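A short worksheet on the structure shown next.
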Amino acid sequence: MYLTLKTLHVAAILLSVGGLILRRHWMQSNSALLQRKIVRILPHVVDTILLLSGIALIYTLHLAVLENSWLIAKLVALVIYIALAAITMRTNLGSAVRSSAFAGALAAFLFIAGAAITKSAASWWVYLQ
């Protein structure tokens with residue numbers, strides 16, 4: 001069960017960030033692909049799977065969320081990632097705002113990956129000490 005959940009979680013992570021990068025590229029190139037229904041719905045499905053598989057992993061591993069600062073940091077960063085990804089795709093905002101949100105979403109993703117790998121709320125900063 002654990003391996004299945006972890007595989008699903010990692011796949012959702014890759015689909016989420018890969019999808020964001022692809023949709024950002026399509027946005028910059030004014031691609032008509034962005035108007036397809038599946039392209040507008042799939043990110044919500046993937047992010048829901050990402051969140052639910054994370055919760056299932058917490059439950060399966062019997063992790064006490066409040067006792068694991070790295071897990072709290074990951075969850076907060078996930079909410080930030082999703083919010084910034086949504087801002088990135090808003091068409092009624094200026095290019096500078098969308099570009100900044102995109103960079104922030106990628107930074108949040110890297111932080112989340114670092115927190116998951118190092119099991120530290122300091123994320124990648126652990127290696128700089």
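Remarks
- Residue count, region 1-39 (criterion: under 29 Å from Thr60 (Cα atoms) and either over 14 Å from the mean Cα position of the chain (by Cα) or surrounded by 13 or more Cβ atoms within 10 Å (Cβ to Cβ) (or both)): 18
- Here Phe109 meets the list (1) in contact with a Gly (Cβ under 6 Å, 6 or more places away or on another chain); (2) of a type outside the set (D, E, K, R); (3) buried (at least 19 other Cβ atoms within 10 Å of the Cβ) almost entirely, failing just condition (1).
- Residue in region 66-76 that is polar (S, T, N, Q) and within 20 Å of the chain's Cα centre (by Cα) present: yes
- Each residue in region 73-90 was checked for being touching a residue at least 12 places away in the same chain (Cβ under 8 Å) and outside any helix (DSSP H, G or I), and 1 of them qualify.
- Among residues of region 108-122 that are closer than 10 Å to Lys74 by Cβ, those with a Cβ under 7 angstrom from a residue that is in a helix (DSSP H, G or I) and basic (Lys, Arg), sequence gap 6+ or separate chain, pair up as Ile112/Lys74; Ala115/Lys74; Ala116/Lys74.
- Condition met for Leu57 (more than 23 Å from Asn30 (Cβ to Cβ), at pLDDT below 95 and open to solvent by 30 Å² or more (accessible area, probe 1.4 Å)): no
- Of all the numbered requirements in (1) surrounded by fewer than 17 Cβ atoms within 10 Å (Cβ to Cβ); (2) touching a Leu at 6+ places or on another chain (Cβ under 9 Å); (3) of a type outside the set (Asp, Glu); (4) closer than 24 Å to Thr7 by Cβ, Ile82 misses one, and that requirement is (1).
- Residue check for Trp70: more than 25 Å from Met1 (Cβ to Cβ), assigned to a helix (DSSP H, G or I) and aromatic (Phe, Trp, Tyr): no
The values are calculated or read from the model by the stated rules, or taken from the named source; none is laboratory data. The structure presented is a predicted model; accordingly, all values stated were derived computationally and were not measured. Neighbour counts run over all protein chains shown; Cβ positions are idealised from the backbone, glycine included. Ligands, DNA and RNA are excluded from the accessible area calculation, which covers all protein heavy atoms including side chains. Shrake-Rupley method; radii C 1.70, N 1.55, O 1.52, S 1.80 Å.
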